[in-house]
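Chemist: I'd like to ask some things about the structure below.
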Amino acid sequence: MKELTQMRDAVVDALNAGGLAAMAAFPPGRAKAYAGPAAAVAVETAQGKAMGFCGYLGERYDPESGVSRELYGKMLEGVIVVDVRGNRAADCEAGCGTAAEILLGDLPSGIRPGELSWEALQWERETGMFLRRGRLQCRAVFAAESSGEEDVFLDFVLKGVMKN
């Protein structure tokens, strides 16, 4: 599901932009490559809901092309997991502090944060690092619009994220 990948990638980008090394979930040993804390991000659960009537939100008129395009939307409610690892407990805690600020205040507008919870700091024997796992309950809003041609639709894109 492309929408889950968009959610994960938006969180990874936000964490990196905020100064915390982050990537999509990876084998735990890869965290050792970083001098400071590193975060692994994954979408743990998600369930979708249509917005509007069968996802239909209305039309948007493009004055440049003179074409009206139909808009559709959907919402996913989910849980994003952020595993912060560090060589020292203080590094791990600092990484969690940075992650919390970003997760609750600096995500794209299409991801609406809910409750953020953190498990206790623990020593992870298999990596030889400290680990603290966070879970963010959130809603992600996606929109798609017709291309202006009959029966041709673009992919759903996370609201607030720039398209390439």
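The values are calculated or read from the model by the stated rules, or taken from the named source; none is laboratory data. Nothing here was measured: the structure is a model prediction, and the numbers come from that model. Every residue, glycine among them, receives a Cβ derived from its backbone with ideal geometry; neighbour counts consider all protein chains shown. Ligands, DNA and RNA are excluded from the accessible area calculation, which covers all protein heavy atoms including side chains. Shrake-Rupley method; radii C 1.70, N 1.55, O 1.52, S 1.80 Å.
Chemist: Kindly evaluate C92 against the criterion of being at pLDDT 80 or above and under 14 Å from T127 (Cβ atoms). Lay out the reasoning, then the answer.
Modeler: Values: at pLDDT 80 or above: yes; under 14 Å from T127 (Cβ atoms): yes.
Here the answer is yes, as C92 does meet what is asked.
Chemist: Which one of the conditions (1) crowded, with 18+ Cβ neighbours inside 10 Å; (2) in contact with a helix residue (DSSP H, G or I) (Cβ under 8 Å, 6 or more places away or on another chain) does A46 fail to meet, given that it meets all the rest?
Modeler: Failing condition for A46: (1).
Chemist: While we're here: For the list (1) assigned to a helix (DSSP H, G or I); (2) over 18 Å from Q6 (Cα atoms), I need the number of the one condition that E70 fails.
Modeler: (1)
Chemist: So, in the stretch 76-98, how many residues would count as being touching a residue at least 12 places away in the same chain (Cβ under 8 Å) and closer than 19 Å to A33 by Cα?
Modeler: Let us first name the residues in the stretch 76-98 that are touching a residue at least 12 places away in the same chain (Cβ under 8 Å), namely 76-89, 91-96, 98.
Okay, now just the ones that are also closer than 19 Å to A33 by Cα, so 82-89, 91-96.
Going through the stretch 76-98 one residue at a time, the tally reaches 14.
Chemist: Could you tell me whether the stretch 85-103 includes any residue that is open to solvent by less than 40 Å² (accessible area, probe 1.4 Å), assigned to a strand (DSSP E or B) and closer than 20 Å to A24 by Cα?
Modeler: The initial filter retains those residues of the stretch 85-103 that are open to solvent by less than 40 Å² (accessible area, probe 1.4 Å), namely 85-86, 89, 91-92, 95-97, 99-100, 102-103.
From the residues that got through so far, the ones that are assigned to a strand (DSSP E or B) too are 85-86.
Narrowing further to those that are closer than 20 Å to A24 by Cα: 85-86.
Yes: the stretch 85-103 contains one or more residues that are open to solvent by less than 40 Å² (accessible area, probe 1.4 Å), assigned to a strand (DSSP E or B) and closer than 20 Å to A24 by Cα.
Chemist: Out of (1) in a strand (DSSP E or B); (2) open to solvent by 60 Å² or more (accessible area, probe 1.4 Å), the odd one out for L116 is which?
Modeler: (2)
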